[in-house]
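The values are calculated or read from the model by the stated rules, or taken from the named source; none is laboratory data. Keep in mind the model is a prediction, meaning the values are calculated, not measured. Every residue, glycine among them, receives a Cβ derived from its backbone with ideal geometry; neighbour counts consider all protein chains shown. Heads up: the accessible areas ignore ligands, DNA and RNA and are worked out on the full protein's heavy atoms, side chains in. Shrake-Rupley method; radii C 1.70, N 1.55, O 1.52, S 1.80 Å.
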Amino acid sequence: MTLRIPLLMFLFAADLWIGVALNPIPSLLDDEFSDIADPAVIEHENNLYIYPTASQTDFSAWSAPLPELRTAEFDPSSLTFKRTASPVLSPSSSCLLTTLIPALGKGSLTWAPHVHYSKKNGMFYMYYSTCLNLYVASSASPLGPFENPVFLKYLAIDPMLFEDDDGQLILYYADIDLLRIWVGEESIYAVPMSSPTTFADDAPHTQVIHPDQHPWEFFRSSVFAPRGINEGPWVFKENGVYYLMYSGAGADTLHYNIGVAFSSGPFGPFEKYEEKVNPITLPQDPSVVGVFGPGHHSVWKDDVTGKRWAFYHQKNSDEVGWDRSVCVDELLISETGEL
C-alpha cells in the first residue's frame, strides 16, 4: 500500500527561526550546566515541563506556565522556564564505563529522560538510562521526586513511551551493542508494555529502523562510537500514519541531525524519507547558517493554536564535544509530499 505522507521539516535562519523563535531558548540557559541536551517536553494543567540531560548524574526539570490565550504568533521560546530547586531524580548507581571509556561521557551516564503521564492512575513515569541501562521511576507530580526505579533493559538508551489511540503502550529505545560498538550500529527498537513499568509477556523487541543512509547517519568523532547511529526516537500519529522521528550521526559532532520514518503501524515496517529530504532540516546541512548538530528532540502539539513545536538541542560551536543548548522551532507539515 502506498501512503500519502506529508513532509515534515525544520527551517533555520542563523540563530533566529523565520517564525521569530529565539534560539537557544533564553530561560533554558543555565550557568550551572555547560551542556544541556536531549529535552523531553510534556504539557500538564496549562504548564510546560522540560526534562533534559544536564549533569549526567541526575535530572532536573524546568517548567513554565502557558498563557491561556495564545494567538497564532505565540512561540514557546518566549516562556520563562524555571528550574526545580533540587533534582527530580538522582540515580544511585555509579558507572565504571566512564573510567574505562572516557569518551562515552561523565558521571553515571544519566541520559535522556522521557516523562509520560498516565490518565488511568494520575501518575507520572520517567523513563531514562543510566550507565547504558534503561529504568523507569514514578511520581505523583511532574516535578518529582521520581522514585521506586524499575529496571527495564540492559544496554539501551533514549527511551520514549508512546500511547496509541486504543491505549496500547509501546516503548521505543536505542539499542547498544558493546560487543560490536566499533563496527556495529545503534538501532531503534519497539516493544509493547502491559503497564507503564512492565513489558508485555513474551513480547518481542522489534527493530524498527537501523542506520542505512550515507553519509549523514555514519558521521562519528571517535572509534568508541558505533559505526552508524539511529537514536533519540520520538513517535506521533497523524491521520493514521505513525511518524518515527530520530537522530543520526555522533551527538558530539556538528553533523548530528534529525530524520523521519513512517509506517501504517506502530511496529512497522517503517520507511525512511528518501535521502533528498532526510534529514528534514532546511538546509539539510544547518551549519551553513550557523546551526551545529541539531537533534535529539521531542514534540509538543499546542492544542490552542494547532501548531507542533520541536524542542531539540544544538551545539554551541562546530568543535567536537559536549557543549549543547536547548532550542525550539515549529515543526512544519506540508501536504504536498508523497513517498
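Please give the net charge around Arg70, taking every other residue with its beta carbon less than 11 angstrom from that of Arg70, where Lys and Arg add +1 and Asp and Glu add -1.
Within the 11 Å Cβ shell, the charges total -4.
Output needed: Cys residues of the chain lacking any neighbouring Cys C-beta below 4.7 Å, sorted by number.
That list is Cys327.
Accessible area, 1.4 Å probe, largest first: how do Glu45, Glu217, Glu274 sort?
Glu45, Glu274, Glu217
Accessible area per residue for the chain in Å², computed with a 1.4 Å probe and the full protein assembly in place, what is it?
Ligands and nucleic acids excluded, the figure is 41 Å² per residue.
Hey, if we sort Leu100, Leu171, Leu143 by accessible area with the 1.4 Å probe, largest down, what's the order?
Putting Leu100, Leu171, Leu143 in descending order of accessible area: Leu100, Leu143, Leu171.
Whole Å is fine, so just give me how far the alpha carbon centre of the range 248-282 lies from that of the range 206-220.
The distance from the Cα centre of the range 248-282 to that of the range 206-220 comes to 8 Å.
Round to the nearest 0.05 the FRET efficiency obtained for Trp322 and Asn46 when R0 = 35 Å and r is the Cβ-Cβ distance.
0.55
State which entries of Lys276/Lys315; Lys153/Lys315; Lys237/Lys301; Lys82/Lys119; Lys119/Lys237 exceed 22 angstrom in Cα-Cα distance in the structure shown.
The pairs that break the limit, which is 22 Å between Cα atoms, are Lys276/Lys315; Lys153/Lys315; Lys82/Lys119.
How much accessible area does Trp111 have with a 1.4 Å probe, in Å² rounded to the nearest 10?
40
For Ile333 and Glu274, FRET efficiency with R0 = 22 Å and r from the beta-carbon atoms, rounded to 0.05?
0.80
How high is the FRET efficiency between Ser118 and Lys301 when r is their beta carbon distance and R₀ equals 25 Å, given to the nearest 0.05?
My answer for the efficiency is 0.85.
Take the alpha-carbon positions of the range 37-165, form their convex hull, and give its projected area averaged over all directions (one quarter of the hull surface) in nm².
Reported value for the Cα convex hull: 9.3 nm².
Test of the criteria: in the range 116-191, which trypsin sites (Lys or Arg not before Pro) are in a DSSP loop and have at most 15 other Cβ atoms within 10 angstrom of their Cβ?
In loop regions of the range 116-191 (DSSP not H, G, I, E or B), the sparsely surrounded trypsin sites (Lys or Arg not before Pro) are Lys119, Lys120.
At a temperature of 25 °C and a viscosity of 0.890 mPa s, determine how fast the range 109-221 diffuses translationally according to Stokes-Einstein, using the Kirkwood radius over alpha-carbon pairs as Rh; express D in µm²/s, rounded to the nearest whole number.
After rounding, the answer is 163 µm²/s.
Just from the alpha-carbon atoms, what are the Rg and Dmax of the range 197-260 in angstroms?
Rg then Dmax for the range 197-260, in Å: 14.2, 42.
Tell me the accessible surface of Arg227 in square angstrom (1.4 angstrom probe, heavy atoms of protein chains only), to the nearest ten.
Surface accessible to solvent at Arg227 totals approximately 90 Å².
Stretch Val223-Ser195 to full length: gain in nm at 0.36 nm per residue minus the Cα-Cα span?
That pair, Val223 and Ser195, stretches by 6.3 nm at full extension.
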